[in-house]
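I have placed the structure first, in the form of structure tokens, so that the comments after it can refer back to it.
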Amino acid sequence: MEEKEEEIVVMEYVCRHCGSTFYTTSNKKIEVCAICESTSFDMNNRKTNENLSIIPFRKTIKAAQNDYNRKTMWNPLIPFSFKGKKKIKSIQKVFLPALLVNASQKGQFVFSGEDHENSGRMVEVKKYDVYENVRVDYQGVLLNSSTKINDRKFISLCDYDCKQVRDFNSSDIKEASYLVGDVYVEEVGEKGRKKIFKNTLMLAQNEVRHSYSKLKEDNTVIEFSDSKQVLLPVYLLSISYKDRIYQYMMNGESGKSHFSLPVAFFPTFLFFLLLFGILFSIGYFIIQYL
Ligand SMILES: [Zn+2]
């Protein structure tokens, strides 16, 4: 049976500076690129009939602003000039593209194990072939499908509740936009496969009770039981400071955030000097008077 696909009319914005492509509804205007802050776009009307799923926003824009302020205001390592609110160039509700997979890996690994035993003055090396059966199920693994967001940032945000996943509809982007994935699904799946393999191998290696275990043979298969393209809610704050763009990102569902900080050298130095001074004084006081 053929799946029914609804066509959605969207406005496409392609950033002239970084090439990021965003889709939104025609009544919402994108002023600034959420990735690079450029204000120059190529715009087109588009029809899209991709089968997308979505996790809706739960956190408000106010919550994202508050979290950003808390994270920056009280951090002594961030330059003062950075803390001013005027430095926030834009704050946007954006959905990031991802692939959500359920998978399992099963079969057998063969390891060449090795133990070193001391018998008298000799060190005896004993070699073994170790057969390890594996069966690991993976539920709700999220994989980044955009080259515009680096994997490290992506992973640091990813504590989404996959039970919230539902079908995408055009009202989801009335006040938001979504970044269009630019990595082929097959390629993302391949990345997921490697990630799963690495994890299963690590789990199996921990089970092998020998001082050395190297994978000799892999007789396992990884099967995806389910995979879908899903849009993840994120607040993106672009902050420009000394000709660089810093990105603060907050998971729009759980509130988990990521911020790569500029570190000010002088305040950092002053901060540690002060800290050292206080600790030294306390120490001195204790020795002298107690
Ligand atoms: Zn851009």
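The values are calculated or read from the model by the stated rules, or taken from the named source; none is laboratory data. Please read these numbers as outputs of a predicted model, since none were measured by experiment. With ideal geometry, Cβ positions are generated from the backbone for all residues, glycine too; neighbour counts draw on all protein chains shown.
Quick notes on this one:
- Single condition PHE111 does not satisfy, out of (1) over 13 Å from the mean Cα position of the chain (by Cα); (2) under 30 Å from LYS256 (Cβ atoms); (3) hydrophobic (A, V, I, L, M, F, W, C): (2)
- In the set (1) under 30 Å from ASP226 (Cβ atoms); (2) away from the ligand (no atom under 16 Å from the Cβ); (3) polar (S, T, N, Q); (4) surrounded by 13 or more Cβ atoms within 10 Å (Cβ to Cβ), the condition left unmet by ASN51 is number (4).
- Flag for GLY113 being on the phi > 0 side of the Ramachandran plot and either assigned to a loop (DSSP other than H, G, I, E, B) or more than 16 Å from the ligand (Cβ to nearest atom) (or both): no
- Subset of the range 12-48 (residues that are among the basic types (Lys, Arg) and within 16 Å of the ligand (Cβ to nearest atom)): ARG16, LYS29
- Number of residues in the range 239-253 that are under 19 Å from the mean Cα position of the chain (by Cα) and farther than 23 Å from PHE95 by Cβ equals 0.
- Residue count for the range 245-290, restricted to those that are modelled with pLDDT under 80 and in a loop (DSSP other than H, G, I, E, B): 6.
- Residue in the range 70-81 that is among the small types (Gly, Ala, Ser) and either free of Cβ contacts under 8 Å to residues at least 40 places away in the same chain or under 30 Å from VAL208 (Cα atoms) (or both) present: no
- Where LYS59 falls short, out of the listed (1) surrounded by 15 or more Cβ atoms within 10 Å (Cβ to Cβ); (2) part of a loop (DSSP other than H, G, I, E, B); (3) within 16 Å of the ligand (Cβ to nearest atom): (3)
- Residue match in the range 23-38 (condition: within 30 Å of ASN199 (Cα to Cα) and modelled with pLDDT of 90 or more): no
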